[in-house]
Amino acid sequence: MIYTFDIIPLMIELDNRTSLEVNEPFLASIAKTLTNKEIELIITSNEEIQEINNQHRNIDKSTDVLSFPYDEMPMAPLGSIVISSSFVEDKAKEFKHTNDDELSLLFIHGLLHLLGFDHEIDNGEMREKEAKLIEKFNLPKSLIVRTQG
């Protein structure tokens, strides 16, 4: 007898350079709702994200999340998301939710940037999409609250 299973491969290539625990299957389930492409996720320190931010954006300060889309080619990954573990831990405490929740919120934000959304120039489309995903995955609404305006 042959059994077949609907196996959804993890679409996230995780490079965790910190001690922050990452719920990879949950993040993959979020990604799967928006893309079937692989995503590189790098969890790093404030110091390293500051270096990356300075090198690629000429902004010499740490930040919560950076996104780097790859060129569109067949079989190419969607891109890379870089998240600061210190920022995750600090904001989780500040907004009284879990590190998993905060990491998921930042992952959603970074993923939408990889997909071409840009809250700095759009008419609220990115924030609307974030709100729908936050609701769908039962995440805290702190990202929406702190990014309005």
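For segment 68-78, name all the residues that are touching a Ser or Thr at 6+ places or on another chain (Cβ under 9 Å) and surrounded by fewer than 20 Cβ atoms within 10 Å (Cβ to Cβ).
Answer for segment 68-78, where residues must be touching a Ser or Thr at 6+ places or on another chain (Cβ under 9 Å) and surrounded by fewer than 20 Cβ atoms within 10 Å (Cβ to Cβ): 68, 69, 70.
Within segment 28-36, does at least one residue satisfy the condition of being more than 19 Å from residue 108 (Cα to Cα) and either over 12 Å from the mean Cα position of the chain (by Cα) or modelled with pLDDT of 95 or more (or both)?
no
Output the residues belonging to segment 56-90 that are within 17 Å of residue 116 (Cα to Cα) and among the polar types (S, T, N, Q).
67, 80 - these are the residues of segment 56-90 that are within 17 Å of residue 116 (Cα to Cα) and among the polar types (S, T, N, Q).
Having 2 or more residues that are of a type in the set (Gly, Ala, Ser) and without any contact (Cβ under 8 Å) to a residue 60 or more places away in the chain is the bar; report the helices (runs of 4 or more DSSP H) wholly within segment 41-149 that clear it.
By residue number, 85-94.
The values are calculated or read from the model by the stated rules, or taken from the named source; none is laboratory data. On a predicted model such as this, the values are computed, not experimentally measured, just so you know. Note: ideal-geometry Cβ built from the backbone for every residue, glycine included; neighbour counts use all protein chains shown.
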